[in-house]
1. Would you mention how many residues in region 110-135 are over 18 Å from residue 91 (Cβ atoms), in a helix (DSSP H, G or I) and in contact (Cβ under 8 Å) with a residue 40 or more places away in the chain?
2. Can you pull out every residue in region 614-631 that is surrounded by fewer than 15 Cβ atoms within 10 Å (Cβ to Cβ) and either assigned to a loop (DSSP other than H, G, I, E, B) or touching a helix residue (DSSP H, G or I) at 6+ places or on another chain (Cβ under 6 Å) (or both)?
3. Just to check your reading of the model, which residue among 120, 60 is closer than 27 Å to residue 31 by Cα and surrounded by fewer than 21 Cβ atoms within 10 Å (Cβ to Cβ)?
4. May I ask you to verify whether residue 308 is surrounded by 15 or more Cβ atoms within 10 Å (Cβ to Cβ), assigned by TED's automatic domain parsing to the domain that holds residue 405 and touching a strand residue (DSSP E or B) at 6+ places or on another chain (Cβ under 7 Å)?
5. Go through 367, 400, 394 for me and flag whichever is assigned to a loop (DSSP other than H, G, I, E, B), within 44 Å of the chain's Cα centre (by Cα), surrounded by fewer than 19 Cβ atoms within 10 Å (Cβ to Cβ) and in contact (Cβ under 8 Å) with a residue 24 or more places away in the chain.
6. What is the residue count in region 268-290 for residues that are modelled with pLDDT of 85 or more and in contact with a strand residue (DSSP E or B) (Cβ under 6 Å, 6 or more places away or on another chain)?
7. Run residue 402 past the list (1) modelled with pLDDT under 90; (2) in contact with a helix residue (DSSP H, G or I) (Cβ under 9 Å, 6 or more places away or on another chain) and report the number of the one that doesn't hold.
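The values are calculated or read from the model by the stated rules, or taken from the named source; none is laboratory data. All values derive from a computational prediction rather than experimental measurement. Please note: Cβ atoms are built from the backbone with ideal geometry, for glycine as well, and neighbour counts cover all protein chains shown.
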């Protein structure tokens, strides 16, 4: 494929001439793959040039893109794939959106006459046709298309911004809908236990397909791999080492034992490449058994591939007749040489029909004494997969793995219970093979509106209609790692991510677990300080605004009358030192000096109340508001003084009046933005912790626990 070959528009040409020149330029570029020609309307393994909403399997010519834009669409997606590495499936969405609008408004597509309103309408239609995330995706590519047309001097329009907002990531939003989303991303625990039960059976009880599914899932539960990357594994993928364990005693640290460490030689996509993916100790025995079973499963196919690599002669597999290479063979011997064992059929008629069909599809005559092994060698090698001895993976960025070394190499029909295995032809299972066996089938019989008679592994073993997806295991392991405090850099490396920020997409820790973990971290960070005063106090170090979810007081400030428990990492003081009317202010029972200040303040407030009342009687502007505030202050002062003088309350107990309805800066911001503030989610687990309190109990000796 060509790399970084740019088209430059000619300002001396008209817009339509530049379009025609660009299409001609793109035609000259190397095709995206060998199965594509520019004139095709259906580009294999890339994209189909069809209208909005048309299935990729629909080959009705009436559903093709309009002729007025089809040639440009082909040139555009091809050019963007080569030069900007944009996927053809992504770039085509903007073309389809514009075509839909133009056909409705004008009857045809004229790129030189497009207006900003057309892009606005295309974005609006995308919101009607797709869910929010897809609509944002369409809008983003409409922006790319417009910028491209401007760069080619086809359009001269002002800048345009995608009006479709990117939806908030549900993995980091704490609402009911997002909680349901998180649950959908995690696997059913009962289904995992069912797979574990099947995996624990004797190998003789399992079919090849059962071994494949349970072993593959075992590997996916051992490390957060992408399921598509499983098939890049080689049969020698296990990496093993021993690390010394330091045993500490009172005198020294002595290394007297070694710990066995197991890893997999793993190839991760998305530019991450090869790495050792270490396995948790608890999963080592499971992984070893899974690898052992898969190696036995693929042993004969790998050996057959090796024979084809090392010799040009016919590879003699287990079914091959023991004859010379040039001896003419009977029809039955031909079938055996080509890897078909017709003895698996229960009747001679079925075996004969299957054999005849097998030979016909390979262009062979159904007679004796026509072919020898040398003839069959040519036919067999002509049917080898493209790129042999390497596996032609559709993903993986050109990774090179030979059939003779791949852990999952299989023979054709090896998992098929209706057809015999063909021991001379190769087949590689893929992610869909695995996913299809983890859920009830959605396939329909050809030409009928009926589901195919295909059972999932759960249905075959009598576990019902459990449903899993391979990607759920990756989400599960990432959530477990996050919950247990794995470092973000290490988690990204373990998961094969080039961008550490993507970790949060896979973190489905519940709200309760997040808050509980935060409280635990805060408790561990607390440090006790003693002073010459009557009280001991502790200092906590705040980290992020997420701490506010726990509603834990992180700091306290000394005031004229007591202590302020307001956390300034949330918002500034709302009362501007009007502490007596603040619900976050507390007074300490037994502090005589501050009690006296409070009593003096009460006397002053009553004097000022008389003056405020006199001002109201004179209709002074604003006096009524001051009078109401003064009355509230006097009321709260009297209540606090009464509590501080109550002999039933022991000294050292912090006292705070009941909260009142107040509007915070955050609530004002929500109101201004027209958004509804999410309700506070109560952490039931944290409430059961006896050793963490906002305020101490009545038998407290004055120690504050924050």
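1. So the count comes out to 3.
2. Step one: list which residues in region 614-631 are surrounded by fewer than 15 Cβ atoms within 10 Å (Cβ to Cβ), which gives 614, 617-622, 624-625, 628-629, 631.
618, 619, 620, 621, 622, 624 - these are the residues of region 614-631 that are surrounded by fewer than 15 Cβ atoms within 10 Å (Cβ to Cβ) and either assigned to a loop (DSSP other than H, G, I, E, B) or touching a helix residue (DSSP H, G or I) at 6+ places or on another chain (Cβ under 6 Å) (or both).
3. It is 60.
4. Considered against the rule, which asks whether it is surrounded by 15 or more Cβ atoms within 10 Å (Cβ to Cβ), assigned by TED's automatic domain parsing to the domain that holds residue 405 and touching a strand residue (DSSP E or B) at 6+ places or on another chain (Cβ under 7 Å), residue 308 comes out as no.
5. Sole residue among the options that is assigned to a loop (DSSP other than H, G, I, E, B), within 44 Å of the chain's Cα centre (by Cα), surrounded by fewer than 19 Cβ atoms within 10 Å (Cβ to Cβ) and in contact (Cβ under 8 Å) with a residue 24 or more places away in the chain: 394.
6. The initial filter retains those residues of region 268-290 that are modelled with pLDDT of 85 or more, namely 276-290.
Now restrict to residues that are in contact with a strand residue (DSSP E or B) (Cβ under 6 Å, 6 or more places away or on another chain): 276-279, 284.
Residues meeting the conditions: 5.
7. So residue 402 meets the others, but not (1).
Rundown of residues vs (1) touching a residue at least 24 places away in the same chain (Cβ under 8 Å); (2) part of a helix (DSSP H, G or I); (3) under 22 Å from residue 386 (Cα atoms), yes/no style:
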position: 288; (1), (2), (3): yes, yes, no
position: 295; (1), (2), (3): yes, yes, no
position: 298; (1), (2), (3): yes, yes, yes
position: 306; (1), (2), (3): yes, yes, yes
position: 314; (1), (2), (3): yes, no, yes
position: 325; (1), (2), (3): yes, no, no
position: 329; (1), (2), (3): yes, no, no
position: 336; (1), (2), (3): no, yes, no
